[in-house]
Structure formats: C-alpha cells, structure tokens
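What follows draws every value from the coordinates through simple rules; no lab data is involved. The model shown is predicted, which means the values in this text are computed figures rather than measured ones. Using ideal geometry, Cβ is built from the backbone for each residue, glycine included, and neighbour counts are taken over all protein chains shown.
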Amino acid sequence: MKIAIYGATGNIGPRLVAEALRRGHEVTGIGRTERAVADGATFVTGNAADPAFVERIAGSHDVVVSALNTNETFLDSIHDLIAHAGTTRLIVVGGAGSLLTSSGTRLVDLPNFPQAWKAGALLQTQALDLLRAAGPDVDWTYLSPAPEISAGERTGKYLTALDEPAGEHISYEDYAVAVLDEIETPEHRRQRFTVAN
C-alpha cells in the first residue's frame, strides 16, 4: 500500500513511518522543511494547507495520514485535507481532549485538564467536528490516544474504545501499531476511536 504521512518528523510521525515500513508499505513522509526520514521512506517537502499539493499527494497514494502539529495552520490543513483528498482514505492522528467521561463531559472541559495542553486539545476537538460534518464521500478515521501518550515499548497490544478512554496511557509505538492496523484492516470508517495499553 502507498501511504503518505503529513507531519512525518514530529513525535508520532516517525513511529508511523517506521511501523508502515516494517509492514512492507511504500511510505512518503511529508513536512514543511527538508528533513531525513527512516531509510526506505521518501521525504517530500509540502504543506497540507496547499490544496493543489493535497490533491496531488492523495491522487498518488492509497491512504493519507495527518500527524500534524496543532499550530496556527492546523485547522486550515485539516479542512484542506477533507476538501481535497477526494476518495483517498484519510486517517487523522487525534487528541484525547475530545474523549468523554462516563457522565458525558469532554476531558478538555474537566477542571484538572492540563492548561498547557488545552489550546491544542480544543483545536483537535474542532478537527473532529470538521470530520464528522464532512460529506459521505470522505473516508476518514480519527484516532484519539489515551489521555497520556509518550515514548515507550512496542508491545503490539492495545485496548480500543469509541468515545470514552480505553485506559490511561499508550506508547507512541503502540499508537502507531493501532494506526497501521486500522489502515490494513479498516474497522472505524467515518468514526473516532481510541486506544490504550
């Protein structure tokens, strides 16, 4: 499968590249500035907020993955991916802030939600809203991590849930496993799900 990964040089992007290569996929890593990616992957300089670029990448890949940072252009980029990826499958690396407690409160709205993460969490929540509002021709999946995500071991094992956390923590490595599992065996089309160790 040909997989394009926006944000290939961030925290999760390199793990996605490595996991996809490990499974024998053809990988294009995309970033705004020239950077090295894992041996076996191709790096392309580009911007998800450029509609012509998004169309070109989507047209030459089977799956497009957004692992973009939640910065000032994040929502514009998600909007352009939705609008210009056509029928190519779109997987969005999401945030945990939009996950719900058992009483239906978003995690980002809880008083103990870390202030340092709040702005990014709210942007990710808006991205999920954009995806949910997309037309039926947009083939998307939004994967929220557990509330805590960090570097760790690749166990290849994880729990899944839909809108409530499946657990408290996930490693970047197992999050990447979950993304590639969903790419290879789709079970959450036009849906958000979440994973935890």
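Couplings 3J(HN,Hα) for segment 143-151, derived from phi with the Karplus relation 6.51 cos²θ - 1.76 cosθ + 1.60 (θ = phi - 60°), are 10, 7, x, 5, x, 10, 9, 7, 4 Hz, where x marks Gly and Pro. With a Förster radius of 35 Å applied to the beta-carbon distance between Arg132 and Thr42, the computed FRET efficiency rounds to 0.65. Temperature 10 °C, viscosity 1.306 mPa s: under these conditions the Stokes-Einstein estimate for the chain, based on its Kirkwood radius over C-alpha pairs, is 96 µm² per second. A Cβ-based charge dipole, computed about the Cα centre of the chain with Lys and Arg at +1 and Asp and Glu at -1, lands at about 60 debye. Normalised by 2.2 N^0.38 Å, where N is the number of residues, the C-alpha radius of gyration of segment 35-123 stands at 1.31. Counting only alpha carbon atoms, the long axis of helix 74-84 and the longest principal axis of the chain meet at about 60°. Here is how the number arises for the chain: DSSP H runs of 4 or more residues each give -39500 (n - 2.57), the sum is divided by the residue count, and the result at 222 nm is -10000 deg cm²/dmol. Distance from the C-alpha centroid of segment 136-150 to that of segment 1-26: 16 Å, rounded to the whole angstrom.
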